[in-house]
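Q: I have a structure I would like to understand better, so I am pasting it below and will then ask my questions one at a time.
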Amino acid sequence: MSKQLTKSERAMYAEFNWQFKFCWACGIPEWKVYNDGYPTYSQRHHIIRPGRVTIRENITRLCFLCHDLEQGKCVRRFGVVLPNLSLAHILWLKQIFDTEHYDPERLAQLYGKALPEPERVPDWFSKQFLKWNVCSHEDWRAE
């Protein structure tokens with residue numbers, strides 16, 4: 001059974017959901033649908049899962065497909081196996097999209113050990129993100 005959210009946690013989630021209406025990894029807006037029928041609604045993803053601490057520093061925004069890729073699931077689209085997202089990729093996304101709430105020291109504390117260095121997501125995600133063009137972010141266009 002999941003724990004009941006506090007009023008401040010609900011308010012934080014509401015602000016976060018209002019601010020980010022697209023997947024941080026592939027860029028698909030929450031109102032679009034992948035043409036192979038894969039569900040695309042956005043989900044809040046806890047960066048550090050054990051305990052799922054409900055603080056802004058510990059959440060990102062991923063669509064259903066990218067959430068599955070972060071969970072290590074093998075996803076095939078049109079005969080191509082998509083790359084998985086690692087913790088290092090998720091940290092990179094948090095750092096560029098929610099800079100004000102990127103706190104590696106707090107996340108390392110939740111993780112219980114040192115975090116990997118943030119690492120740019122694989123090219124498939126960058127290409128998808130630019131295709132949807134939901135926002136302009138210089139880090140996506142850097143390579």
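The values are calculated or read from the model by the stated rules, or taken from the named source; none is laboratory data. Note that the structure is predicted; figures quoted are calculated from it, not measured. FYI the Cβ positions are ideal-geometry reconstructions off the backbone, even for glycines, and counts take in every protein chain you see.
Q: Test residue 77 against the criterion of being over 12 Å from the mean Cα position of the chain (by Cα), of a type in the set (Lys, Arg) and at pLDDT 80 or above, and give yes or no. Lay out the reasoning, then the answer.
A: Numbers: over 12 Å from the mean Cα position of the chain (by Cα): yes; of a type in the set (Lys, Arg): yes; at pLDDT 80 or above: yes.
Answer is yes for this residue.
Q: Which of the numbered conditions does residue 92 fail, given that it passes all the others? Conditions: (1) at pLDDT below 95; (2) at negative phi.
A: Against the list (1) at pLDDT below 95; (2) at negative phi, residue 92 comes up short only on (1).
Q: Quickly run through region 6-30 and pick out the residues that are over 22 Å from residue 70 (Cβ atoms) and not in a helix (DSSP H, G or I).
A: Residue satisfying the conditions is 6 alone.
Q: Of the conditions (1) modelled with pLDDT of 95 or more; (2) in a helix (DSSP H, G or I), residue 124 satisfies every one except a single condition; which number is it?
A: (1)
Q: Testing residue 5 on (1) within 21 Å of residue 131 (Cα to Cα); (2) modelled with pLDDT under 95; (3) surrounded by fewer than 19 Cβ atoms within 10 Å (Cβ to Cβ), one condition comes back false. Which one is that?
A: Status for residue 5: all satisfied but (1).
Results for (1) touching a strand residue (DSSP E or B) at 6+ places or on another chain (Cβ under 7 Å); (2) free of Cβ contacts under 8 Å to residues at least 24 places away in the same chain; (3) of a type outside the set (A, V, I, L, M); (4) assigned to a helix (DSSP H, G or I), shown as yes or no for each residue.
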{"site": "62", "(1), (2), (3), (4)": "yes, no, no, no"}
{"site": "65", "(1), (2), (3), (4)": "no, no, no, yes"}
{"site": "68", "(1), (2), (3), (4)": "no, yes, yes, yes"}
{"site": "73", "(1), (2), (3), (4)": "no, yes, yes, no"}
{"site": "84", "(1), (2), (3), (4)": "no, yes, yes, no"}
{"site": "90", "(1), (2), (3), (4)": "yes, no, no, yes"}
{"site": "106", "(1), (2), (3), (4)": "no, no, yes, yes"}
{"site": "110", "(1), (2), (3), (4)": "no, no, no, yes"}
